[in-house]
Every structure is written in C-alpha cells, then in structure tokens.
Amino acid sequence: MNTTDPVSRVALKKITPDVSASMGALHAAAVSAARDAKVEPELLELIRIRASQLNGCAFCLDMHTKDARAAGETEQRIYALNAWRETPFFTEQERAALALTEAVTLVHDGHVPDDVYAGAAAVFDEAQVAALIWAAAVINAYNRIAIATRMVPGGYQPVPKTG
C-alpha cells in the first residue's frame, strides 16, 4: 500500500446534501440558542477552538482561530488555550465553559463529571449551560466530519462583520 498518496474521501455536501443542510441548521439553531441565552460569540469560538484542539481537527482549528481573531480575540489567549488552566488569561465563566467543553469532548473519559457540570451551573444559568452543551456537541460533530473527510485547512477566510 502506498502511504504517500492520500485516499480520496467522500464529498459529504455533494453526496448527502440534505444531511449537510440539516447539520448547518443544527449549527444555526445552537448559535441562536446561545445568542438568546446571552452567551457571547467570543466564548463560542473558544469552545470551538478547544474542542478542535482535543480532537486534532486542523480544518476547524484553522477556521475558528481565524474567526476568533476576526472577533477581536488576542493571539496570547488563542496560543494559551491549550493550557488554559495554567494561565491567568481566562475568566471564571470561560474556565467553567472550557472545562465543560473538555468533558463533553472527552465524554469517554469519565463522562461529564458532576463537579464540572456544577462548576458551569454555578456561573451560567440553565439556558446558558444548555447553549454551551449544544456548542460543544456541534463542534465535536463538525470535527469528526472534517477529520473523516480530510478537509484541507488554510483556505477559509472569515466573513467580515458588518455594522
């Protein structure tokens, strides 16, 4: 077997457009729920980056670090996100959201521990906790899609924010 030539992967959007559109609708619904719950879009980007780091999804890391920068996130915080526990750069709410994201992403490793859930519930209301769980679930699904289909990072450009 030649390991230097990549194996051609299925184009999910082309082959299963209805499922792809449904995934996009799920993403939009999760973003809407977060907006309604007053979860900052910047926090959603941190969640997306952290889950993508844990899953090793290069495509999503490329996309969401660019989106985070476009939203005003600092290079320092993006670079330190992989070691967020050891830095003073993140708020109590961000830390709780990141811990919850890690537990949801690594659900095979002890499920979502009560102390992690309680930590999130202590600093977020129920609608916000629900929005955080949905955000983590959606990015985990997208990570798996991007990894399974070997989506190539580098070409994504954030949509400029308008007034």
Query raised in the report: Which ones in the stretch 133-158 are at pLDDT below 95 and among the basic types (Lys, Arg)?
Result: Arg150
**Report entry** Residue check for Ile133: in contact (Cβ under 8 Å) with a residue 40 or more places away in the chain, within 30 Å of Lys13 (Cα to Cα) and either part of a helix (DSSP H, G or I) or not charged (D, E, K, R) (or both)
**Finding:** no
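Scan the stretch 146-161 and give yes if some residue there is surrounded by 12 or more Cβ atoms within 10 Å (Cβ to Cβ) and either of a type in the set (Gly, Ala, Ser) or over 27 Å from Leu12 (Cβ atoms) (or both), otherwise no. If you could, list the steps in order and put the result at the bottom.
Start the filter on the stretch 146-161 by keeping residues that are surrounded by 12 or more Cβ atoms within 10 Å (Cβ to Cβ), which leaves 146-147, 149-153, 156, 158.
Checking the rest, the ones that are also either of a type in the set (Gly, Ala, Ser) or over 27 Å from Leu12 (Cβ atoms) (or both) come to 146.
Yes, the stretch 146-161 has at least one match.
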Query raised in the report: Only one of Glu45, Glu40, Glu75 is free of Cβ contacts under 8 Å to residues at least 40 places away in the same chain, on the phi < 0 side of the Ramachandran plot, of a type in the set (D, E, K, R) and in contact with a helix residue (DSSP H, G or I) (Cβ under 6 Å, 6 or more places away or on another chain); which?
Result: Glu45
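In this structure, does His27 turn out to be within 17 Å of Thr105 (Cβ to Cβ), part of a helix (DSSP H, G or I) and in contact with a Lys or Arg (Cβ under 7 Å, 6 or more places away or on another chain)?
Details: within 17 Å of Thr105 (Cβ to Cβ): yes; part of a helix (DSSP H, G or I): yes; in contact with a Lys or Arg (Cβ under 7 Å, 6 or more places away or on another chain): no.
Answer is no for this residue.
From the list Ala135, Ala130, exactly one residue is more than 21 Å from Cys57 (Cβ to Cβ) and of a type in the set (Gly, Ala, Ser). Which is it?
Working: Ala135 fails: more than 21 Å from Cys57 (Cβ to Cβ).
Exactly one of Ala135, Ala130 is more than 21 Å from Cys57 (Cβ to Cβ) and of a type in the set (Gly, Ala, Ser), namely Ala130.
Scan the stretch 1-57 residue by residue and report those that are basic (Lys, Arg) and either at pLDDT below 95 or exposed (fewer than 11 other Cβ atoms within 10 Å of the Cβ) (or both). Steps first, please.
Here is the first cut: in the stretch 1-57, the residues basic (Lys, Arg) are 9, 13-14, 35, 38, 48, 50.
Listed by number, the residues that qualify are Arg9, Lys13, Lys14.
For every residue, the table says whether it meets (1) within 15 Å of the chain's Cα centre (by Cα); (2) over 27 Å from Ala21 (Cα atoms).
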{"residue": "Val104", "(1), (2)": "yes, no"}
{"residue": "His108", "(1), (2)": "no, yes"}
{"residue": "Val112", "(1), (2)": "no, yes"}
{"residue": "Asp115", "(1), (2)": "no, yes"}
{"residue": "Leu132", "(1), (2)": "yes, no"}
{"residue": "Ala137", "(1), (2)": "yes, no"}
{"residue": "Tyr142", "(1), (2)": "yes, no"}
{"residue": "Ala148", "(1), (2)": "no, no"}
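The values are calculated or read from the model by the stated rules, or taken from the named source; none is laboratory data. Keep in mind it's a predicted model, so treat the numbers as computed, not measured. So basically every Cβ, Gly included, is an ideal-geometry build from the backbone, and we count neighbours across all protein chains shown.
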